[in-house]
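Trainee: Have a look at this one before I ask anything.
The values are calculated or read from the model by the stated rules, or taken from the named source; none is laboratory data. Here the structure is a predicted model, which is why all the values come from computation and not from measurement. Positions of Cβ are backbone-derived with ideal geometry, glycine not excepted, and every protein chain shown enters the neighbour counts.
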Amino acid sequence: MTRPDRPLALGRLEIWRHPLPVRVTHWVNVICLVFLLMTGLQILRAHPHLYWGLASTFDDPWLSFGSIPGWLTLPGYRDLATGRNWHFFFAWIFVANGMIYLLYILFSGRLARMLEPSRAELAHLPDSVVEHARLKFPEGEAARTYNVIQKLTYLIVLLILLPMMLVTGLAMSPTMNAAIPELLPILGGRQSARTLHFIAAMGITTFAVVHVLLVFLSGPVNNLRAMITGWYVIRTDPEPETEEETSDDRDPS
Amino acid sequence: MTAIRPDRRHLLLAGGALALSGCDRLVRNAEAQCTVKKAEQVSKRTQRALARDALAPEYQEKDISKDFRANGSVDPADAEYVALKANGFRDYRLIVDGLVETPLALSLTDLRRMPSRTQITKHDCVEGWTSIGKWKGARLSAVLDRARLKPEAKYVVFHCFDALDQTEEGDRYYESIDIPEAYHEQSILAYEMNDEILPIKHGAPIRLRLERQLGYKMAKYIKRIEAVESFAHIGRGKGGYWEDRGYEWYAGI
């Protein structure tokens with residue numbers, strides 16, 4: 001799947017980072033998640049209270065929102081029916097897209113090559129956290145692969161948060177409750193499923209915000225170009241403490 | 001470290017805002033809404049194939065909600081209804097007609113003599129809340145069998161006394177379900193709730209319980225059941241009061 005490096009001038013090197021299936025499913029996922037989040041908030045707006053357990057305890061919600069501002073929802077005005085229609089439409093695309101991606105990374109070996117952290121990496125996790133917190137991103141050959149924090153974050157999002165969205169979403173459907181009766185007891189009841197759906201959505205939103213922030217901090221042009229064309233630029237002979245414009249060539253997050 | 005030049009940053013921010021307002025315009029677009037609504041059929045076919053005749057989960061006495069919320073209207077203003085209510089529904093007759101061999105006019109006593117079913121189930125409102133209640137009622141299958149559906153009957157329509165705006169002139173509530181759903185074991189015409197006569201606010205004298213779909217499908221204050229081949233000529237033709245206002249006809253999700 002990998003392509004040979006393409007040397008550029010001035011000690012720079014283009015490396016093949018994102019094959020086509022990864023790039024396409026990434027951007028389809030971006031569209032899906034934006035629509036799912038904003039139509040999801042439209043749905044929440046109809047009853048902005050969350051509970052734990054089988055049923056709603058109206059006098060004692062776990063969490064209540066006074067109102068959800070229109071600029072966060074699709075459509076921008078109150079319209080539960082339209083919000084639901086668009087939510088379920090994008091839920092189907094999200095599932096199909098996610099399946100394609102998961103099958104691809106599994107069978108292409110990308111999961112093992114790019115995402116699975118090695119024992120050595122896990123042993124150095126605390127150091128990596130400190131470096132990351134100082135916004136020092138790997139350069140040169142070290143930027144060829146994802147760092148251990150990236151790997152773990154991507155794995156948590158891919159294997160825990162996104163599947164949790166799907167499972168808790170399905171558990172809110174009364175017909176699915178009949179089809180898969182085991183699901184609700186595992187999640188603790190329908191209102192727990194609804195609350196977990198919201199919590200997972202907030203987890204993914206937090207990831208997305210940090211992800212975009214780190215893309216910007218670590219070289220937005222290089223990162224965006226890599227996710228569009230597949231080619232990512234690294235520096236083969238990193239000059240220590242060069243001027244700041246080189247930040248475009250740093251590692252993504 | 002400035003990762004991106006200010007002019008570029010503004011461009012990206014403006015681009016983001018433009019994309020979101022584009023999303024808003026898109027969800028308001030009639031043609032796009034039409035495409036998105038097609039997902040309803042995919043959901044319906046998939047869920048029906050998975051659920052088949054499976055029963056909705058049933059709960060225990062201890063799970064019954066003390067604060068079961070009433071959905072939709074709570075006290076119809078219809079003159080005929082007001083008169084029937086004043087007389088304790090002694091003169092109430094449930095009309096069963098349309099594509100049937102034997103049209104019926106059933107009193108509450110007749111309905112109570114029909115094969116019944118008692119179930120403790122959850123009620124999932126489209127808004128997102130859940131309440132659990134115990135329902136007893138005549139099996140819809142038994143009522144339809146007595147009326148003997150004609151082969152061309154594809155749906156049963158429930159015509160109701162209530163109008164959502166609680167006025168005498170308002171559009172009357174109605175709902176429709178197809179024959180397989182009508183013959184599901186848990187589809188009942190409830191006349192009791194939590195071991196008492198069905199309260200006015202929950203749809204007295206009878207309401208539909210349809211445990212694998214959302215609350216708005218479960219018509220309250222039922223006046224007449226009509227077997228039809230198509231519901232295109234009723235209301236605005238979408239099969240129900242809320243369906244005419246954009247909500248899905250298939251409310252299993």
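Trainee: Quick one: which strands (runs of 3 or more DSSP E) sit completely within region B:91-191 and have at least 2 residues that are away from every other protein chain (no Cβ under 14 Å) and over 30 Å from A:A193 (Cβ atoms)? Lay out the reasoning, then the answer.
Mentor: Values: elements: B:94-98, B:104-106, B:116-124, B:130-139, B:155-163, B:172-178.
Passing ranges, in order: B:94-98, B:104-106, B:155-163, B:172-178.
Trainee: If I ask for residues that are part of a loop (DSSP other than H, G, I, E, B), over 17 Å from B:G246 (Cα atoms) and at pLDDT below 95, which ones from region A:66-89 would you list? Walk me through it before giving the result.
Mentor: Pass one, region A:66-89, residues part of a loop (DSSP other than H, G, I, E, B): A:66-69, A:73-79.
Okay, now just the ones that are also over 17 Å from B:G246 (Cα atoms), so A:66-69, A:73.
Hits for region A:66-89 are A:G66, A:S67, A:I68, A:P69.
Trainee: Further, regarding this structure: Out of all the residues in region B:14-33, which are under 30 Å from the mean Cα position of the chain (by Cα) and under 14 Å from A:G70 (Cβ atoms)?
Mentor: If the condition is that a residue be under 30 Å from the mean Cα position of the chain (by Cα) and under 14 Å from A:G70 (Cβ atoms), then B:D24, B:V27, B:R28 are the ones that fit.
Trainee: Which one of B:K150, B:K62, B:K136 is modelled with pLDDT of 95 or more and under 21 Å from B:K223 (Cβ atoms)? Outline the logic, then answer.
Mentor: Working: B:K150 fails: under 21 Å from B:K223 (Cβ atoms); B:K62 fails: under 21 Å from B:K223 (Cβ atoms).
Just a single option satisfies the conditions, and that option is B:K136.
Trainee: A:V215 passes all but one of (1) in a helix (DSSP H, G or I); (2) within 23 Å of B:V126 (Cα to Cα); (3) at the interface with chain B (Cβ under 10 Å from one of its Cβ atoms); which number fails?
Mentor: (2)
Trainee: Criterion first (touching a Leu at 6+ places or on another chain (Cβ under 6 Å) and away from chain B (no Cβ under 14 Å)) does A:I68 satisfy it?
Mentor: On the way: touching a Leu at 6+ places or on another chain (Cβ under 6 Å): yes; away from chain B (no Cβ under 14 Å): no.
Taking the combined requirement at face value, the residue does not satisfy it.
Trainee: Got at least one residue in region B:229-238 being surrounded by 24 or more Cβ atoms within 10 Å (Cβ to Cβ) and at pLDDT 95 or above? Even if it seems obvious, please write down each step before you answer.
Mentor: Going residue by residue through region B:229-238, those that are surrounded by 24 or more Cβ atoms within 10 Å (Cβ to Cβ) are none.
Scanning region B:229-238, I find no residue that is surrounded by 24 or more Cβ atoms within 10 Å (Cβ to Cβ) and at pLDDT 95 or above, so the answer is no.
Trainee: Taking the condition of being within 21 Å of the chain's Cα centre (by Cα) and touching a residue at least 40 places away in the same chain (Cβ under 8 Å), how many residues in region A:13-30 meet it?
Mentor: 12
Trainee: Sticking with this structure for a sec: Looking at region B:192-201, which of its residues are aliphatic (A, V, I, L, M) and part of a loop (DSSP other than H, G, I, E, B)? Reasoning before the result, please.
Mentor: Kept after step one, since they are aliphatic (A, V, I, L, M), are these residues of region B:192-201: B:193, B:197-198, B:200.
Correct list: B:L198 only.
Trainee: For region B:58-81: of the residues being within 13 Å of chain A (Cβ to nearest Cβ) and of a type in the set (F, W, Y), which is surrounded by the most Cβ atoms within 10 Å (Cβ to Cβ)?
Mentor: Out of the qualifying residues, it is B:F68.
Trainee: If you don't mind, there's one more thing I want to ask. Any chance region A:135-154 includes a residue that's among the hydrophobic types (A, V, I, L, M, F, W, C) and closer than 29 Å to B:H184 by Cβ? Show your work before the answer.
Mentor: Start the filter on region A:135-154 by keeping residues that are among the hydrophobic types (A, V, I, L, M, F, W, C), which leaves A:135, A:137, A:142-143, A:148-149, A:152.
Now drop any that are not closer than 29 Å to B:H184 by Cβ, which leaves none.
No, the conditions are met nowhere in region A:135-154.
Trainee: If the Cβ limit is 7 Å and pairs must be 6+ apart or interchain, which residue in region B:89-100 that is at negative phi pairs with which residue that is surrounded by 15 or more Cβ atoms within 10 Å (Cβ to Cβ) and hydroxyl-bearing (S, T, Y)?
Mentor: From residues that are at negative phi, the pairs are B:Y92/B:S107; B:R93/B:S107.
Trainee: Of the conditions (1) more than 22 Å from A:I31 (Cα to Cα); (2) out of contact with any Cys (no Cβ under 7 Å at 6 or more places or on another chain); (3) surrounded by 11 or more Cβ atoms within 10 Å (Cβ to Cβ), B:T102 fails just one. Which one is it?
Mentor: (3)
Trainee: Report yes if A:R12 is away from every other protein chain (no Cβ under 11 Å) and crowded, with 20+ Cβ neighbours inside 10 Å, otherwise no. Before you say what the answer is, go through the steps one by one.
Mentor: On the way: away from every other protein chain (no Cβ under 11 Å): yes; crowded, with 20+ Cβ neighbours inside 10 Å: no.
Criteria not met by A:R12.
Trainee: I've got another one for you. Is it the case that region B:187-203 has a residue that's out of contact with any strand residue (DSSP E or B) (no Cβ under 7 Å at 6 or more places or on another chain), closer than 15 Å to B:L94 by Cα and either modelled with pLDDT of 95 or more or of a type in the set (S, T, N, Q) (or both)?
Mentor: yes
Trainee: Still on this model: Just checking, how many residues over region A:37-64 are surrounded by 15 or more Cβ atoms within 10 Å (Cβ to Cβ) and without any contact (Cβ under 8 Å) to a residue 60 or more places away in the chain?
Mentor: Our first condition is that a residue be surrounded by 15 or more Cβ atoms within 10 Å (Cβ to Cβ); within region A:37-64, this holds for A:37-58, A:61.
Okay, now just the ones that are also without any contact (Cβ under 8 Å) to a residue 60 or more places away in the chain, so A:38-39, A:41-43, A:45-49, A:57-58, A:61.
Total meeting the criteria: 13.
Trainee: Hey, can you tell me all the residues within region B:197-249 that are more than 13 Å from the chain's Cα centre (by Cα), more than 14 Å from chain A (Cβ to nearest Cβ) and among the basic types (K, R)?
Mentor: B:K201, B:K223, B:R224
Trainee: Of all residues being in a loop (DSSP other than H, G, I, E, B) and facing chain A (nearest Cβ under 10 Å) in region B:24-57, which is surrounded by the most Cβ atoms within 10 Å (Cβ to Cβ)? Just the residue, please. Full working, then the answer.
Mentor: From region B:24-57, those in a loop (DSSP other than H, G, I, E, B) are B:29, B:38, B:52-57; that's our starting set.
Among the residues that remain, those that are also facing chain A (nearest Cβ under 10 Å) are: B:38, B:52-57.
Working: B:K38: 11, B:R52: 9, B:D53: 10, B:A54: 17, B:L55: 16, B:A56: 23, B:P57: 20.
Per the criteria, the residue is B:A56.
Trainee: Can you pull out the residues in region B:58-70 that are in a helix (DSSP H, G or I) and either aromatic (F, W, Y) or touching a strand residue (DSSP E or B) at 6+ places or on another chain (Cβ under 9 Å) (or both)? Walk me through it before giving the result.
Mentor: From region B:58-70, those in a helix (DSSP H, G or I) are B:61-63; that's our starting set.
Selection gives B:E61, B:D63.
Trainee: Test of understanding: among A:L159, A:L166, which residue is exposed (fewer than 15 other Cβ atoms within 10 Å of the Cβ) and assigned to a helix (DSSP H, G or I)?
Mentor: Values: A:L166 fails: exposed (fewer than 15 other Cβ atoms within 10 Å of the Cβ).
Going through A:L159, A:L166 in turn, the sole match is A:L159.
Trainee: Here is a further query. Take the residues in region A:177-190 that are within 7 Å of chain B (Cβ to nearest Cβ) and surrounded by fewer than 22 Cβ atoms within 10 Å (Cβ to Cβ), then tell me which one is nearest to B:A251 (Cα to Cα). I'd like the intermediate steps shown before the answer.
Mentor: Let us first name the residues in region A:177-190 that are within 7 Å of chain B (Cβ to nearest Cβ), namely A:177-179, A:181, A:184, A:190.
Then keep just the ones that are surrounded by fewer than 22 Cβ atoms within 10 Å (Cβ to Cβ); that gives A:179, A:181, A:184.
Details: A:A179: 15, A:P181: 18, A:L184: 18 Å.
The qualifying residue nearest to B:A251 (Cα to Cα) is A:A179.
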